[in-house]
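This report concerns only the one structure given below.
The values are calculated or read from the model by the stated rules, or taken from the named source; none is laboratory data. In this text the structure is predicted, and so the values were computed from the model without any measurement. Every residue, glycine as well, gets a Cβ built from its backbone with ideal geometry; the counts of neighbours run over all protein chains shown.
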Amino acid sequence: MKIIIVENELYLAQSIQNNLSEKLNAKCEIFASYDEAIETDGDVYIVNTNLKGNIEKLIDAKKENIIILLAPYVTYTSVTQPIQMGADDYLQKPFSIEELIRKIVHLREYYSLKKRTMKMENFIEHILEDIELDDTYDLKFPLFIKTNYPKAVDKIIFDYAKENMCDIKLIDIQNLNVKELKNKDTIYYAKKFYDNPEIINTLSKYNSVIVVPKDFENSYPHFNMLEIEISKKSFLNDEILSIEDYIKFIILNHQHKLPDTELSKRLGISRKSLWEKRKKYGIFKQK
């Protein structure tokens, strides 16, 4: 970890450098002006807000890194405005080194978790991006869902949670410990139904979603029912498609993404055969 200390009080800067080098095993560099610091490449910036020069330019250049302000006085100019611009936190002078270390450790953990969360969201979105929904759905909890395509429910729940900034927790009704149900803002998502009245009635008090069999008759009055029918067959579903159904599926779902030359090549057929398949299946390519 490389820490840039922007401080013109040399004794204070050296004290910060010595402590962070020892206790965080960090490489520290000291600069006495914003202009000097803007040319550096650090992981953490500890910045005195009372130096001459343009602190806004430094914060704008380094806002993707951790920035902790050292402020003699807490004012709009010294603290509020820089934080609005992208600084992460502040300490009012005088301060303890232990508090500075605590803030650095906390912010590093926060940024690490934020990056992991973004990578996970991108990965899930990539997995679900080929699922095309035939409609938009208004989720009213607690909710039973009947569907011919369970993966569509995954996409609906994920999209809802992302839009409403809430968590999702997968649950197993058969083995659920009700003590795990703590957060009213979390979506408790059961991908398989198990008729346990005690658990089901408890789940009715939360934002719960349970996928139920097609022949399920709702005997729980507190639960809403939603039926989702996806018209397009998916070879990613549990059933095994025939070669003809597979080819039809690929043409329907990929002809708008790939040129005919590439599509026929991937299917292992000629462009003439591709044209004949479209005619046979009644598929019309939109231009």
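Some notes on this structure:
- Among residues of segment 131-175, those that are more than 22 Å from the chain's Cα centre (by Cα), charged (D, E, K, R) and at pLDDT 90 or above, counted: 3
- Qualifying residue in segment 138-149 (condition: of a type outside the set (A, V, I, L, M), touching a helix residue (DSSP H, G or I) at 6+ places or on another chain (Cβ under 6 Å) and more than 19 Å from residue 185 (Cα to Cα)): yes
- Selection from segment 217-234 of residues that are modelled with pLDDT of 90 or more and either surrounded by 15 or more Cβ atoms within 10 Å (Cβ to Cβ) or closer than 23 Å to residue 165 by Cβ (or both): 220, 223, 224, 226
- Scanning segment 65-98 for residues that are touching a residue at least 12 places away in the same chain (Cβ under 8 Å) and part of a loop (DSSP other than H, G, I, E, B) turns up 65, 72, 73, 74, 86, 87, 88, 93, 95.
- Looking across segment 178-208, not a single residue is modelled with pLDDT of 95 or more and of a type in the set (Asp, Glu).
- Residue count for segment 148-188, restricted to those that are surrounded by fewer than 15 Cβ atoms within 10 Å (Cβ to Cβ), within 19 Å of residue 129 (Cα to Cα) and in contact with an Asp or Glu (Cβ under 8 Å, 6 or more places away or on another chain): 2
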